[in-house]
Structure formats: C-alpha cells, structure tokens
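Everything below concerns the one structure shown next.
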C-alpha cells in the first residue's frame with residue numbers, strides 16, 4: 001500500500017471492507033435469486049479477493065498481524081467447540097448458529 005500511496009485512516013479502510021462485503025452480498029442475492037435457491041450461490045474469486053484485500057488493509061492500518069489474528073480466532077473457535085460442541089458464541093438467536101445459519 002505504501003508503494004502505491006494507498007494508505008488511508010483505519011476508519012476509511014473499514015468502510016471499504018464493508019463496501020466489498022456488500023458486493024459479495026449482492027452477488028449472493030443475485031445468484032440465489034434472493035435466497036430462494038441457496039444451492040446456486042456463486043461468488044467470483046475477484047470479489048472475494050477484493051474483500052480479502054480490504055480486510056488485510058484494515059489489519060495493516062491498525063497494525064494488527066493478520067496471521068496472529070487468525071490464529072487467535074481459530075483458537076477461540078476450538079475452545080468453544082471443546083466447551084459446547086459448537087463454534088458459535090452463544091449469542092445465536094432461535095438456535096441458529098451465526099457461523100453456520102440454516103437456510
């Protein structure tokens with residue numbers, strides 16, 4: 001990002017991430033006919049790449065080591081599975097996991 005003068009405050013990076021995830025949601029809505037055909041989900045790799053870049057840019061802007069953050073999250077999920085047999089946080093509504101919602 002420094003090489004191409006793409007540095008910007010973390011808040012703007014976060015807004016870019018939300019925008020990129022919104023583009024993924026749009027692809028999901030379109031390809032599944034707004035959820036009526038969930039098996040038809042199609043997401044393009046370039047849009048997934050944009051979202052991944054945006055997330056890594058947030059990490060960079062906040063000086064967070066992305067591999068370390070991922071390791072922390074995976075450890076958290078492993079501990080939850082060991083404790084309650086689910087990776088969910090316990091904040092699921094109506095028994096639907098936030099990580100694996102039923103469609």
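The values are calculated or read from the model by the stated rules, or taken from the named source; none is laboratory data. Here the structure is a predicted model, which means the values were calculated and not measured. With ideal geometry, Cβ positions are generated from the backbone for all residues, glycine too; neighbour counts draw on all protein chains shown.
Worth a mention:
- Residue count, the stretch 31-71 (criterion: surrounded by fewer than 11 Cβ atoms within 10 Å (Cβ to Cβ), under 24 Å from residue 88 (Cα atoms) and modelled with pLDDT of 95 or more): 3
- Sub-6 Å Cβ pairs linking a first residue in the stretch 69-82 that is at negative phi and in a helix (DSSP H, G or I) to a second residue that is surrounded by 11 or more Cβ atoms within 10 Å (Cβ to Cβ) and at pLDDT below 95, at least 6 apart or interchain, are 77/87; 80/87; 81/87, ordered by first then second residue.
- Residue check for residue 20: part of a helix (DSSP H, G or I), within 12 Å of the chain's Cα centre (by Cα) and at pLDDT 95 or above: yes
- Of all residues in the stretch 12-57, those being closer than 24 Å to residue 67 by Cβ and touching a helix residue (DSSP H, G or I) at 6+ places or on another chain (Cβ under 9 Å) number 20.
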